[in-house]
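None of the figures in this text is laboratory data; all of them are computed from the coordinates on show. On a predicted model such as this, the values are computed, not experimentally measured, just so you know. We place every Cβ from the backbone using ideal geometry, glycine too, and count neighbours over all the protein chains shown.
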Amino acid sequence: MASLRSFLRSGKNAVSAVLRREFHGTPPAAVQVTVRDALNQALDEELERDERVFLLGEEVAQYDGAYKVSRGLWKKYGDKRIIDTPITEMGFAGIAVGAAMAGLRPICEFMTFNFSMQAIDQVINSAAKTYYMSAGLQPVPIVFRGPNGASAGVAAQHSQCFAAWYGHCPGLKVVSPWSAEDAKGLLKSAIRDDNPVVFLENELMYGVPFEMSEEAQSKDFLLPIGKAKIERQGNHVTLVSHSRMVSLCLDAAAVLAKEGIECEVINMRTIRPLDAEAIETSVMKTNHLITVEGGWPQFGVGAEILARIMEGKDFFICF
Amino acid sequence: IGYGLLTSRFLSDLCKCDLHKLEEGPPLQAVLTREEGLQYYRTMQTIRRMELKADQLYKQKIIRGFCHLYDGQEACAVGIETGINLSDHLITAYRAHGYTLTRGGTVREIMAELTGRRGGIAKGKGGSMHMYTKHFYGGNGIVGAQVPLGAGVALACKYLGNNEICVCLYGDGAANQGQIFETYNMASLWKLPCIFICENNKYGMGTSVERAAASTDYYKRGDFIPGLRLDGMDVLCVREATKFAAEHCRSGKGPILMELQTYRYHGHSMSDPGVSYRTREEIQEVRSKSDPISMLKDRMLSNNMASVEELKEIDVEVRKEIEDAAQFATTDPEPPLDDLCNHIFYNDPPMEVRGTNPWTKLKSVS
């Protein structure tokens, strides 16, 4: 009985919503899109746009992706462009880098970035350093993507955050999206970028829905790599974060707002190149800074941000 | 004897290759023309003299850092190149000066790169181990890492359908690397047009093959990949085997493995005298009995394909080319300091690079 009632209720709402639309002719509204679907859209659009783009990794094809990020792509694009690999990270990462050197634009998926450690030599020594060592003769347009950082109870070997390790190396761009818009816009930019990009997703964010604006739904929606976004304006304290921890910061900001403390929440979006200017500008305003991340504190992303602030031209003015 | 009395071509007998999972191997005879012979001789001699000059410059501290010399192995680089096209692809490890030359680099650019000057093939920023030309992917410092890269290049060839292949070289030391077996697996599964070539010079740095490998039959180590083993000191053998392997790949049969038995006269690198793990007698024996340049020279002279004077003339020309290149490499200026941070990213607007202190701004352009 209860379910029938709720069905009728929702049915009436649906009908009136349709009628409302017909009468007022409202433009297509923002929709709710999960991070997973946003990534899927980005991959689909870029595969369609450029013949040279292809995806390889474990279970990306017939399994539809270990976390279903590449769902439907193999059915649409086939064996040539969506390639299932054996469980040999060092080998297939090297093959992806070689393909990039020879003119293709591979997307190399690591099931989690913990496994990228097996292939880290190929990411750093073969991909990141080559353009420099060849003095501009040999670019490497490749994207390494996959979930990064902690998940739910998967134990130490499967929970490491690699933002600091990859963020240390010149020649790499390191991106860490939070919302669905971030995921889509930044992944598209990463694929179109002619340099090696490490794209750090987060497994716990895959299922989280976000409102995606109409603009973000377009096939050419790109977000610039290297620019942070202010998710919430505030005057009292700056919270700087990336990936899943941005949600935590926004939750904290909501709690603090009840006590009259207004937090400015900055979503870094990119780890390298670091948008130090955005953080500096905010700190000049608030004079208080907390960095929030999922990685270990020593030699981490937060440590770098603090070092930059301290070395910045305005640090002593803060005092 | 006048030049008019020379033979223009002759049919040479070749060494027999050991075969693995192959019904037939390369032909047992091949035609060598006068032009080919002279060209192979010139190129091998150029590599030889270039490497010896590098040795000299290193001892004078004009070349610093790593320097891994290729003298003794010339027949491999020259033979392989004559078996493929310049439009094919090649990747090797750090003993790469010979390949940089055969793949289109000039002696001048190579030597200037060794001395780290702006006229170098990588503007002085790569050095001995990181030289690149079109369809030549270096020059790779990490042992074995170039093998998956080569298979990736082969994947691109297959993907783009351009009928090109990739030659992917590694040494007897690298042959035990795990990533190479991972690559064998994927190359075979996906039938990548990749020729894996093991240059077996009997020593991985200072470790002889018997002490490093449980199985020294490197041509069989590909297991499900067909393989052949041949004399890497005979440039004609190498050429014919490479042609055979290239045909195998281009016909869509997948990868193939070649083992070239060769020898390096120098130690592993310039910091290695090369006599603590092998005897001087051994080196001398190879030099007198199996030197690739001498072997080609004898073949050409005894079959009346060239005269002694002609070959001497080539020697003189090569010597001059090397001298000029060395002169250039010694006098060309080093790259300017503001080149330090360039070439970090490709196709990007200029950016600032974090330096050692906030008052020193480092700029980077693509």
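Starting from the Cα gyration tensor of region A:85-169, take the square roots of the eigenvalues, sort them a ≥ b ≥ c, and report rounded, prolate or oblate (rounded when a/c is under 1.5, otherwise prolate if a/b is larger than b/c, else oblate). Since a/c reaches 1.5 and a/b is larger than b/c, the shape of region A:85-169 is classed as prolate.
Our compactness index for region A:199-278, the C-alpha radius of gyration over the empirical 2.2 N^0.38 Å, is 1.19. Ignoring solvent entirely, what values of log10 I(q)/I(0) come out of the Debye formula for region A:178-319 at 0.10, 0.17, 0.21 Å⁻¹ when each Cα is a single scatterer? Relative scattering, expressed as log10 I(q)/I(0), comes to -0.35, -1.00, -1.38.
For region B:237-270, backbone nitrogen atoms closer than 20 Å to the point 7 Å from B:SER302 Cα along Cα-to-C-beta are found at B:237-240. Percent of Cα-Cα pairs more than 46 Å apart in the protein assembly as shown, please. Above the 46 Å cut-off, the protein assembly as shown has 30 percent of its Cα pairs.
Taking every alpha-carbon pair under 8 Å whose residues sit at least 6 apart, chain A reaches a relative contact order of 16 percent. Taking every full run of DSSP H in chain B, the ones that stretch at least 18 Å from end to end by Cα along their long axis and average 0.0 or higher on the Kyte-Doolittle scale are B:146-160, B:235-250. The mean sequence distance of close C-alpha pairs (under 8 Å, at least 6 residues apart), as a share of the length of region B:243-366, puts its relative contact order at 12 percent.
Within 10 Å of the Cβ of each residue in B:346-352, the mean number of Cβ atoms contributed by other protein chains is 4. By the helix-only formula, in which each DSSP H run with n ≥ 4 contributes -39500 (n - 2.57) and the sum is divided by residues, chain B has a 222 nm mean residue ellipticity of -12500 deg cm²/dmol.
Over all Cα atoms in chain B, the spread is summed up by Rg and Dmax: 21.2, 75 Å. Helix screen, chain A: DSSP H segments with Cα axial length of 27 Å or more and mean Kyte-Doolittle hydropathy at least -0.5 are A:2-24. Partner shielding of A:117-123 amounts to 2, given as the average count of beta-carbon atoms from other chains within 10 Å of each residue beta-carbon.
Over all orientations, region A:251-319 has a Cα convex hull whose mean projected area works out to 5.4 square nanometres.
Stokes-Einstein diffusion for region A:18-128 at 4 °C, viscosity 1.567 mPa s, with a Kirkwood radius from C-alpha pairs, works out to 83 µm²/s.
Entry for region A:32-84 at q = 0.13, 0.23, 0.25 Å⁻¹: log10 I(q)/I(0) = -0.26, -0.79, -0.93, Debye formula applied to identical alpha-carbon scatterers, no solvent contribution. Over chain A, dividing the summed -39,500 (n - 2.57) contributions of all DSSP H runs of at least 4 residues by the number of residues returns a 222 nm mean residue ellipticity of -11000 deg cm²/dmol. A straight Cα-to-Cα reach below 26 Å connects B:LYS320 with the lysines B:LYS53, B:LYS59, B:LYS61, B:LYS123, B:LYS297, B:LYS312, residues fewer than 8 places away in its own chain not being considered. Among B:198-211, B:259-272, sorting by the average number of other beta carbon atoms lying within 10 angstrom of each residue, highest first, gives B:259-272, B:198-211. Note on B:116-123: average number of Cβ atoms from other chains within 10 Å of each residue's Cβ is 2. Stokes-Einstein, applied to the Kirkwood radius of region B:250-366 over Cα pairs at a viscosity of 1.002 mPa s and 20 °C, places its translational diffusion at 103 µm² s⁻¹. With a Förster radius of 30 Å applied to the C-beta separation of B:ASP324 and B:ARG64, the computed FRET efficiency comes to 0.85. Note on region A:128-232: along the principal axes its Cα atoms extend 43, 39, 23 Å, ordered by decreasing extent.
Taking every alpha-carbon pair under 8 Å whose residues sit at least 6 apart, chain B reaches a relative contact order of 22 percent. The equivalent ellipsoid of region A:86-136 has semi-axes of 20, 12, 8 Å, largest first, where each one is the square root of 5 times an eigenvalue of the Cα gyration tensor. Across all directions, the shadow cast by the convex hull of region B:74-168 built on its C-alpha atoms averages 5.8 square nanometres.
Let me test this: with uniform point scatterers at the alpha carbons of chain A, what is the Debye-based log₁₀ I(q)/I(0) at q = 0.13, 0.16 1/Å? Here the Debye-derived log intensity ratios amount to -0.98, -1.31. Taking the square roots of five times each eigenvalue of the Cα gyration tensor of region A:108-147, the equivalent ellipsoid has semi-axes of 22, 10, 5 Å, listed largest first. For the pair B:VAL275 and B:LEU28, what calculated FRET efficiency results from E = 1/(1 + (r/R0)^6), where r is the Cβ-Cβ distance and R0 = 45 Å, to the nearest 0.05? Using R0 = 45 Å, I get an efficiency of 0.75. Any chance you could check the Cα centroid distance between region B:292-366 and region B:36-101 for me, in angstrom? Between the Cα centres of region B:292-366 and region B:36-101 lies a distance of 12 Å. For the pair B:LYS16 and A:ALA30, a Förster radius of 60 Å applied to the C-beta separation gives a FRET efficiency near 0.25, rounded to the nearest 0.05.
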